[in-house]
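Okay, so here's the structure we're looking at.
Throughout, read-outs are computed from the coordinates displayed, never taken from laboratory work. Remember, predicted model here, so these are calculated numbers, not experimental data. Please note: Cβ atoms are built from the backbone with ideal geometry, for glycine as well, and neighbour counts cover all protein chains shown.
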Amino acid sequence: MHMADALLAPAVAATMYVASGTVAGISIHQLKKDDEPQKLPTMAVTAALVFAGQMINYTIPGTGSSGHMCGGMLLSALLGPQAGFLSMIVILAIQCLFFADGGLMALGANIWNMAFYGCFVGYYLIWRPIVRSHWFGEGKAALRGRIIAASIIGCIVTLQFGAFSVVLETSLSGITELPFGAFVALMQPIHLAIGLVEGLITAAVLTFVFESRPELLRDVEAEAGALPAKRSLKAVIAILAVLALVVGGGLSLLASSNPDGLEWALFGNAEEGYAENMGLDEDDFGLSSKAADTAGSIQESTSFLPDYAFADNDTPVGTTVSGIVGSAMVAGVALLICLAGGFFRKKKHS
Amino acid sequence: MNKMEKALHELGEMDDLAARSSPIHDMSATAKLLTTIAYIVTVVSFDKYDLSGLIPLVLWPVLLFQLGGIPVRTCFYKLRIVLPLVMAVGLFNPIFDRAPLLFLGSVAVSGGVVSMLTLMLKGVLCLMASFLLMATTPIDCLCASLRTLRVPKTLVTLLLLTYRYVGVMTEELAIMTDAYHLRAPGQKGIHVSAWGSFLGQLLLRSMDRAQELYASMLLRGYHEHFHYAPVKPFTAKDAAYLAVCLGVFALLRFVPVAALLGGALVR
């Protein structure tokens, strides 16, 4: 789910940086307020472990494939949402800087898509309410059941949010011609399956920790002390349902208010006669439509080789030919720089 | 070599590259960080059909590769991660954006093809910029630079500490994975029966180790302040480099240099 820089427009990337930066600022403030200096090495070591742990392949029974662990849920269950969020930021930064997994400019968006949902939504709306609820009854077995349920539900829900955000950010950036609805339909089911697998793996790790050292898990201590649940499971389900409605409603509004890329490419737009153009008559769908005019104007201003003719440089054709020749010259200069660099290095070594 | 050993190798390779000496390596990390961000913003701000406008920006990484003596091969190896996702998104463009944008003789080239190529080039250029930053700047210097740019101390210290422990943890897990596979030959991944215990055991040990680590940090005089690498002063040379880079990026962004160069030749 790591987004590359090329998939985002600067405005969207900046917005996501501001959003993620704000949450990071609040998290740092909260950590300072808690005044637990010994937490920093724990966060670093756990983050390093999660980073490495995400490279382990877990065999999925009955299939030939493998899955990975979900870092956000695991870190927030062990360290809490604020510390988990900051640890995830660092993991994503290292993945981006040293492994080219996600872009530097897209880091804000990646933090939001993976760390924010995984840590804050995953913890406050899923982990804590479920672990503190009376789901499956009382006792250790019930608590184990709640940890498993919280891990699986948490991974599925947070990955769905993350995947939806990827679609939204890419679409708002105007990067892909893939219609919004089709993009959502492509991303969400894939991440549903990934979320389920990641949830099972995360549940297995957290259950192991629960069996060995339950005090390391957040809110499990609270359960041992029989603290009352702050929010009932019904309330959690209600919140999730409202969130789903908001997301679903927003999705349908966006999907219906913008003609998708296929409509645009084939039929111009709705005003040009959607039904009439279904026969794909070239004259009808192309020349007189508003979309074709737009395409024409784009072609005029940014065209790249419209023809082979060497026309006057002021015409679009001339400009385009110039663009190609200029690009070739750039390539030539690049080659020269390489050759010069190689020559001087050899000279230096000899 | 398993996945984790490969990751360790990549980390070591980046560290080695960053420790070299060259005019680019000797530059202040702040100047390099700011120019990298400016470059990436310039690259992604180009219109999706403006392939010819984007091409002159190739020169900047090419120049840096040469001046820094960085092998291009190492950078292209990292493309295996970026390109599939970019391609997955870009490949739909020729399908959905079929409106002819230009003609190569009698062959029409759709807007989708041009936008796909632009997207891929943007992906490659952005990766090159980030790679060059890390291949010419040690992590300590980058962290020190982040502090001068007022990035919170907690986050920077966490980044530095995590980076140090990524190597330790990855090595530990690589050994564990090798040991597991030697005991379970022919098995592709970790069996479902060991899903929890495999990572869980290391997790428990690591949490304890973190407490020991904190104790040792205190014994060595740690008092919520971390000593970074000595910060290279931001000299006039760095300011000039930054100003020239920003000026060139602005020029390439707003002036169709490739078209003008070509035009001059065609005339």
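When only the Cβ of Lys, Arg, Asp and Glu is charged (+1, +1, -1, -1), the dipole of the range A:1-136 relative to its Cα centre reaches about 300 debye. Of the residues B:MET120, B:MET217, B:TYR241, the one whose Cα sits farthest toward the positive end of the charge dipole of chain B, with +1 on the Cβ of Lys and Arg and -1 on the Cβ of Asp and Glu, is B:MET120. Among the lysines of the range B:1-154, pairs at least eight places apart or on separate chains and with Cα atoms under 23 Å apart come to 7. Springs between Cα atoms under 10 Å define the GNM used for chain B, and in it the highest mean-square fluctuation of B:TYR77, B:TYR163, B:TYR49 occurs at B:TYR77. Considering only B:LEU104, B:MET87, B:ILE37, and ranking their Cα positions along the charge dipole of chain B that arises from unit charges at the beta-carbon of Lys, Arg, Asp and Glu, the one farthest toward the positive end is B:LEU104.
Residues whose amide H comes within less than 5 Å of that of B:VAL109, counting only those at least five positions distant or on another chain, are B:LEU101, B:LEU102, B:PHE103, B:LEU104 (H built at 1.01 Å from N in the peptide plane). Comparing mean-square fluctuations of B:SER52, B:SER216, B:SER22 from a GNM of chain B with C-alpha springs under 10 Å, the top value falls on B:SER216.
Ordered by the count of other Cβ atoms within 10 Å of each Cβ, fewest first, B:THR148, B:THR136, B:THR170 give B:THR148, B:THR170, B:THR136. Multiplying the residue separation of B:LYS153 and B:GLU212 by 0.36 nm and removing their Cα-Cα distance gives an extension gain of 19.0 nm.
Note on A:LEU336, A:LEU125, B:LEU203: ascending count of other Cβ atoms within 10 Å places them as A:LEU336, A:LEU125, B:LEU203, the fewest first. Among the residues of A:176-184, the average count of other protein chain beta-carbon atoms within 10 Å of the residue beta-carbon is 5. This ranking places B:ASP47, A:ASP101, B:ASP238 by how few other beta-carbon atoms lie within 10 Å of each, fewest first, which gives B:ASP47, A:ASP101, B:ASP238.
Fully extending the segment from B:GLU10 to B:ALA236, taken as 0.36 nm per residue of separation minus the present Cα-Cα distance, adds 78.0 nm.
Of B:TYR214, B:TYR39, B:TYR241, the residue with the greatest mean-square motion in the GNM of chain B, using alpha carbon springs below 10 Å, is B:TYR214. Using bins of 5 Å that start at zero, the share of Cα-Cα pairs per bin across the range B:1-134 amounts to 2, 9, 16, 18, 17, 13, 11, 7, 4, 3, 0, in whole %.
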